[in-house]
Amino acid sequence: MENHGGPIDGSIVTVPPGFTKDAVIEAIANGIKLLVIVTERIPRGDVAGMVEFADLHDARIIGPNCLGLIVPEVCKMGGIGGPAKDAAKSYKPGVVGVMSRSGGMTTEISSSLTAAGLGVSTAVSIGGDAIIGSTYAELMPYFEADEQTQAIVIYTEPGGRMEAQLAEWKQENNSRLPIVAFMAGKFMDDDEMQGMSFGHAGTIVEGKEDSAKEKIVRLEAADIKVVERIDEIPEAVKERIAK
Amino acid sequence: MSGSRSETMDAVFIDIELDEPAKSDPELAKKLEEVCTVGIFKASDAGTEIVQGQLDECVLCYLCVDACPAGAMRIIKKYEN
Amino acid sequence: MIFYEYEARKIVELAGIPVTKYGFCQTADEARKVAEEIGGPTVIKSQVLTGGRMKAGGVQFADTPDEAAKHAEDILKLEINGHMPVGVLVDPKAEVKQEYYASVVWDGTAKKPLMLFSDMGGIDIEQVAEEHPDHVGRGHISNLLPVGDYEAKQVIAATGVTGSQLNRATPILAKLARLFRDNDMILAEINPLAELTDGSFVALDAHMEMEEEAVGRQKQLLRQELGIAEEDTRDNYVPSEFEKNVKAIDAADHRGVIQGKDHGFDGNLGLVIGAGGGSLTLTDAVRNQGGKPANYSEIGGNPSVAKACGLAKEVLKKDGVEKIAVMMSIVSNTRVDIVARGVIKACLELGKDPADTIAIFRIPGAWEDEGNKILDYYGVEYCDRTVSLWDAAGRAVAKIQGAAA
Ligand code: SF4
């Protein structure tokens, strides 16, 4: 500990799934307040247990199954954007907060924001699993409190209820931040793509799982702009900021 | 296994030339077999055999060239003509 | 991992929840024997991993052991929704006073398991929740703290159940919640949970599903208690020829990762996508610009040329595939020159011209300069990261449509 320049306040967890829960609880029990879990394929019960423990200790978990977060030219936790040299190319400081369920697409989108001169305030790869430490809606208050951030971009995929939760948050909190969303995987709505469906009991808990189309309707109802093409994101953000 | 066995081609992209007498040196052959991670060299008492079927796997690390006496080995990128 | 009813019952039983004395049988003779032991009217139920058993005739009642054997024989031959049963369950016909419903599922928003209970069992819980919301009790449980009986009791009491029924049902729901957590289930359901005429409670039918990620640490239950073989994954997805071949190529060499899916795709444009989450976006982009993807394949890590070549070849060999598009996302760290070698070699080995067959190569990755040289030499069209995923996909679609015109 004493070999560090300052107190340790963040932890990146990459240990195999069988050991992740213990590693995370150890870190939180020792006072770490921000954890990025990169490990994938962790059973849900473990993830939920870690999140509950974090809540009890006022700590925040990002992930699992994510690439971490970056504040351009300030700090980077996790593999987001690749090696620091590459990340610096895709991420320049700016006004847009980015949250994405796909680690790779966090950078693809941020790079286009950087190229368009908007730049990125903070980008978070939130992870792609069914249960994650921090959802869009749960991170919104941080962006709301961050003066640098003037708009939010989210990248989303089919499955789960996180977009609905974000839409509710936006409507309830009268947020100052315009949000632009990009929805990938629309082709999965097609009949021929339908694979497994979920059990009945599951659907009564969270309501019917939204299809991509339903998610888009829900987001737009909350005044969240959903763009059709990924390269339309920077323009849409500019328009919204100007409003 | 994949039931799809069709024509395969040997080296399309890479060729390697190794001059004598280095090629017949069994010691060098062993070394080459060791440094190349993609199995392009096979060592025997007679020296080095270049495995044609593996040539295209060459990752251009040049460890083999470094192991040889200066100028004895050349890696040719056929796509650079 | 999904379980057959007879296994789900065993899981319930192991958790200390009462069940009727049942027998799993694979022949008519076995069914007769079990029915004799039970010594009264029985129910014979098909053991299949699909719903709609009752409607399809997979559940029959018998008064005598001979009748039970006859039904077992018929049901064992009866295919339901394309599934053959693995056996039948012979169960005493219970004297039911009332049917209840009990389950535990995940609530992803709350990030906690949720107990559900209803005094209207036997029917579809979705329907009960909709029509009689006051007959469904709900309560979250902790992922860390022990589950208290009182928590289960509150959930049950919320449906208006009182007295001895409340006292008898409480430990059952609490045990169900504990087994859900202990066994890494994503669904643990007893429906119906029956109150018999003598006042006792038994689980008459159960559904269990275990999270795939946890199968590795539930060996004791799966292998020892239930005797489920390692290779029995219950995955009823039947991979296509293409998917099987790609998997075999991937398994044959540990370097790099390739993945191939083509379920639901039958277009003319093959896709090889540099892993990094771009696949969903690119597939949409191809389709929304009028293209018809033939598959959905990813390549990542540091694959060998042979692996990249193998994947490209499988894509190109698919029926109807005319061209292939190789598109890497910005974060791809895969060596471009190696992938280029592989894909070009695939074309050459199949007697196709790479310049004509590769619709576009979006390049981000490692060793880009070396990749450019190879692509230049073979006259393949490529672009760098400044061309968006949407535009790269659009160029590929334009190429294939131009060729068709
Ligand atoms: S350059 Fe490297 S990979 Fe290529 S042949 Fe030499 S040792 Fe093998």
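The values are calculated or read from the model by the stated rules, or taken from the named source; none is laboratory data. Small disclaimer: the values here were computed from a predicted structure and weren't measured. Quick reminder, even Gly has a Cβ in these numbers, built from the backbone with ideal geometry, and neighbours come from all protein chains shown. Quick note on the areas: whole protein, heavy atoms, side chains included, nothing else; ligands and nucleic acids left out. Shrake-Rupley method; radii C 1.70, N 1.55, O 1.52, S 1.80 Å.
Side notes on the structure shown:
- Those residues of region C:294-333 which are within 13 Å of chain A (Cβ to nearest Cβ) and within 19 Å of A:Pro158 (Cα to Cα), in sequence order: C:Asn295, C:Tyr296, C:Glu298
- Condition met for A:Ile154 (touching a Phe, Trp or Tyr at 6+ places or on another chain (Cβ under 6 Å), closer than 18 Å to A:Cys66 by Cβ and not in a helix (DSSP H, G or I)): yes
- Subset of region A:177-191 [at pLDDT 95 or above and open to solvent by 50 Å² or more (accessible area, probe 1.4 Å)]: none
- Residue match in region A:59-82 (condition: in a helix (DSSP H, G or I), over 25 Å from A:Gly159 (Cα atoms) and more than 18 Å from the chain's Cα centre (by Cα)): no
For (1) closer than 21 Å to A:Glu52 by Cα; (2) more than 8 Å from chain A (Cβ to nearest Cβ); (3) touching a residue at least 12 places away in the same chain (Cβ under 8 Å), each residue gets a yes or a no:
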| position | (1), (2), (3) |
| --- | --- |
| C:Glu126 | no, no, no |
| C:Glu131 | no, yes, no |
| C:His140 | yes, yes, yes |
| C:Ile156 | no, yes, yes |
| C:Asn167 | no, yes, no |
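- Residue among C:Val59, C:Val88 that alone is surrounded by 19 or more Cβ atoms within 10 Å (Cβ to Cβ) and either of a type in the set (Lys, Arg) or closer than 26 Å to C:Ile123 by Cβ (or both): C:Val88
- Subset of region C:113-132 [of a type in the set (Val, Ile, Thr) and over 23 Å from the mean Cα position of the chain (by Cα)]: C:Ile123, C:Val128
- Failed item in (1) within 13 Å of chain C (Cβ to nearest Cβ); (2) surrounded by 24 or more Cβ atoms within 10 Å (Cβ to Cβ), with A:Gly49 passing the rest: (2)
- The residues of region C:349-405 that are within 14 Å of chain A (Cβ to nearest Cβ), closer than 16 Å to C:Thr281 by Cα and part of a helix (DSSP H, G or I), listed by number, are C:Leu389, C:Trp390, C:Asp391, C:Ala392, C:Ala393, C:Gly394, C:Arg395, C:Val397.
- Pick from region C:285-308, criterion in a helix (DSSP H, G or I) and open to solvent by less than 10 Å² (accessible area, probe 1.4 Å), ranking: farthest from C:Ala346 (Cα to Cα): C:Ala285
- Residue-level check: of (1) among the hydrophobic types (A, V, I, L, M, F, W, C); (2) within 12 Å of the ligand (Cβ to nearest atom); (3) over 21 Å from C:Asp337 (Cα atoms); (4) modelled with pLDDT under 95, B:Met1 misses just (2).
- Applying the criterion of being open to solvent by 20 Å² or more (accessible area, probe 1.4 Å) and near the ligand (Cβ under 7 Å from one of its atoms) to the residues of region B:20-39, the residue that is farthest from the other protein chains (Cβ to nearest Cβ) is B:Val35.
- Number of positions in region C:212-228 that are over 18 Å from the mean Cα position of the chain (by Cα) and part of a loop (DSSP other than H, G, I, E, B): 2
- Filtered residue count, region A:113-157, keeping only those that are of a type in the set (Ser, Thr, Tyr), surrounded by 24 or more Cβ atoms within 10 Å (Cβ to Cβ) and under 24 Å from C:Gly274 (Cα atoms): 3
- Just one of the listed residues (A:Ile61, A:Ile131, A:Ile80, A:Ile126) is touching a residue at least 12 places away in the same chain (Cβ under 8 Å), outside the structural domain of A:Met183 (by TED's automatic domain parsing) and either out of contact with any helix residue (DSSP H, G or I) (no Cβ under 8 Å at 6 or more places or on another chain) or not charged (D, E, K, R) (or both), and it is A:Ile61.
- Being open to solvent by less than 10 Å² (accessible area, probe 1.4 Å), aromatic (Phe, Trp, Tyr) and closer than 22 Å to C:Lys399 by Cα is true of C:Phe361.
- Extreme residue, least open to solvent (accessible area, probe 1.4 Å), among residues of region A:66-86 that are at pLDDT below 90 and within 13 Å of chain C (Cβ to nearest Cβ): A:Gly81
- Note on region B:40-81: among residues that are loosely packed, with under 13 Cβ neighbours inside 10 Å and farther than 16 Å from B:Phe13 by Cα, the one that is farthest from the ligand (Cβ to nearest atom) is B:Asp45.
- Selection of strands (runs of 3 or more DSSP E) fully inside region C:20-112 by the criterion of at least 2 residues being within 14 Å of chain A (Cβ to nearest Cβ) and within 33 Å of the chain's Cα centre (by Cα) returns C:96-107.
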